[in-house]
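Asker: Handing you a structure now.
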Amino acid sequence: MSTSPPPVARIPLRVSDIKQYVYCPRIIYLQYVLPVPRRTSFKMESGREEHLELDRLEKRRLLVEYGLDKGERQFHVRLASERLGLEGILDLLLVTPKGYFPVEYKFTSRGPAINHKYQLVAYAMLAEEAFVQPVRTGFLYLVPGKMIQPVEITASARAHTLKLIAAIRHLVQAGTMPDRTRTPGRCRDCEFRNYCADHDRVSRPHVPGLPMRGPWPRLPARDGPGADGSLG
Ligand code: SF4
């Protein structure tokens, strides 16, 4: 008689987990499996104030900048899906006769990042379910350059987002610390940088006569608005 594996528990997730997982899966481990203390930095606080200022400026921005002519704005919209086991607070929802358009603000000068894209796709899926309206396009508003980047909510992007959600739950259930990101530059602004450096120093054997391994020496904690340079 074959024994089937136990069902994967429906671990409730936040939309920002998708963004963090794509940035570095280890962040999910450090948030869910082995939570380490995180402090609210000055920049996180000032970033929140920037968000409030953005809300104010957004009210003055013309919808035509989004390629839309009329509609209303809803700020900080809480969205949740029992079906997906996912929830989050979207920065802005444009409700127009042409449809619903989720918008996320990102404080990055490096252009739209892939993790921001899948976070937005997840919000689009939640909005679609909540308002029973198809959502075909969302926008990333890149604050430093005041750039509005449209993102198509394609079938393949939705499918990939579902895979990411499943992968996050699998990671949490397995409880094994993933390897570091393969893009070391991401560690520079990561709030877990010092923890990772300490962990790898302890877990890697030191060969006598050779310098301690680990390409990222422990540095003073660096303030940053989030592990990936964005707030939410
Ligand atoms: S410091 Fe680097 S490896 Fe560690 S969680 Fe952050 S991004 Fe991932």
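Asker: If you scan the stretch 123-156, which residues turn out to be surrounded by fewer than 19 Cβ atoms within 10 Å (Cβ to Cβ) and closer than 19 Å to Tyr23 by Cβ?
Answerer: Residues satisfying the conditions are Pro144, Gln149.
Asker: Related question: Looking only at the stretch 75-106, count how many residues are touching a helix residue (DSSP H, G or I) at 6+ places or on another chain (Cβ under 6 Å) and either among the polar types (S, T, N, Q) or outside any strand (DSSP E or B) (or both).
Answerer: 1
Asker: For the stretch 170-183, which residues satisfy the criterion of being closer than 16 Å to Ala113 by Cβ and not β-branched (Val, Ile, Thr)?
Answerer: Within the stretch 170-183, the first condition is being closer than 16 Å to Ala113 by Cβ, and the residues that meet it are 181-183.
Of everything in the stretch 170-183, just one residue is closer than 16 Å to Ala113 by Cβ and not β-branched (Val, Ile, Thr), namely Arg182.
Asker: What's the total number of residues in the stretch 158-189 that are assigned to a helix (DSSP H, G or I), within 14 Å of the ligand (Cβ to nearest atom) and closer than 25 Å to Gly138 by Cβ? Outline the logic, then answer.
Answerer: At the first step, the residues of the stretch 158-189 found to be assigned to a helix (DSSP H, G or I) are 158-174, 184-189.
Among the residues that remain, those that are also within 14 Å of the ligand (Cβ to nearest atom) are: 171, 184-189.
So of that shortlist, the ones also closer than 25 Å to Gly138 by Cβ come out as 186, 189.
So the count comes out to 2.
Asker: On the basis of being surrounded by fewer than 16 Cβ atoms within 10 Å (Cβ to Cβ) and either closer than 18 Å to Glu152 by Cα or touching a residue at least 40 places away in the same chain (Cβ under 8 Å) (or both), does Gly111 make the cut? First the steps, then the outcome.
Answerer: Details: surrounded by fewer than 16 Cβ atoms within 10 Å (Cβ to Cβ): yes; either closer than 18 Å to Glu152 by Cα or touching a residue at least 40 places away in the same chain (Cβ under 8 Å) (or both): yes.
So Gly111 passes the test.
Asker: Looking at the stretch 11-74, what helices (runs of 4 or more DSSP H) fall wholly within it and have at least 1 residues that are modelled with pLDDT under 75 and surrounded by 13 or more Cβ atoms within 10 Å (Cβ to Cβ)? Before the answer, list the steps.
Answerer: Values: elements: 15-23, 25-28, 42-60.
In the stretch 11-74, 42-60 are the helices (runs of 4 or more DSSP H) which contain 1 or more residues that are modelled with pLDDT under 75 and surrounded by 13 or more Cβ atoms within 10 Å (Cβ to Cβ).
Asker: May I pose another question? Starting from residues that are modelled with pLDDT under 80, in a helix (DSSP H, G or I) and more than 9 Å from the ligand (Cβ to nearest atom), keep the ones in the stretch 190-204 and report whichever is surrounded by the most Cβ atoms within 10 Å (Cβ to Cβ). Before you say what the answer is, go through the steps one by one.
Answerer: Narrowing the stretch 190-204 to residues modelled with pLDDT under 80: 200-204.
With in a helix (DSSP H, G or I) added as a condition, the list becomes 200-203.
Subset that is more than 9 Å from the ligand (Cβ to nearest atom): 201-203.
Values: Arg201: 15, Val202: 9, Ser203: 9.
Across the stretch 190-204, the extreme among qualifying residues is Arg201.
Asker: Mind counting the residues in the stretch 108-143 that are touching a Phe, Trp or Tyr at 6+ places or on another chain (Cβ under 8 Å), of a type in the set (Phe, Trp, Tyr) and under 21 Å from His160 (Cβ atoms)?
Answerer: Qualifying residue count for the region: 1.
Asker: Closer than 19 Å to Arg14 by Cβ, among the hydroxyl-bearing types (Ser, Thr, Tyr) and touching a Ser or Thr at 6+ places or on another chain (Cβ under 8 Å): does that describe Tyr123?
Answerer: Details: closer than 19 Å to Arg14 by Cβ: yes; among the hydroxyl-bearing types (Ser, Thr, Tyr): yes; touching a Ser or Thr at 6+ places or on another chain (Cβ under 8 Å): no.
In short, no.
The values are calculated or read from the model by the stated rules, or taken from the named source; none is laboratory data. None of the values given here were measured: they were computed from a predicted structure. Backbone-built Cβ (ideal geometry, glycine too); neighbour counts: all protein chains shown.
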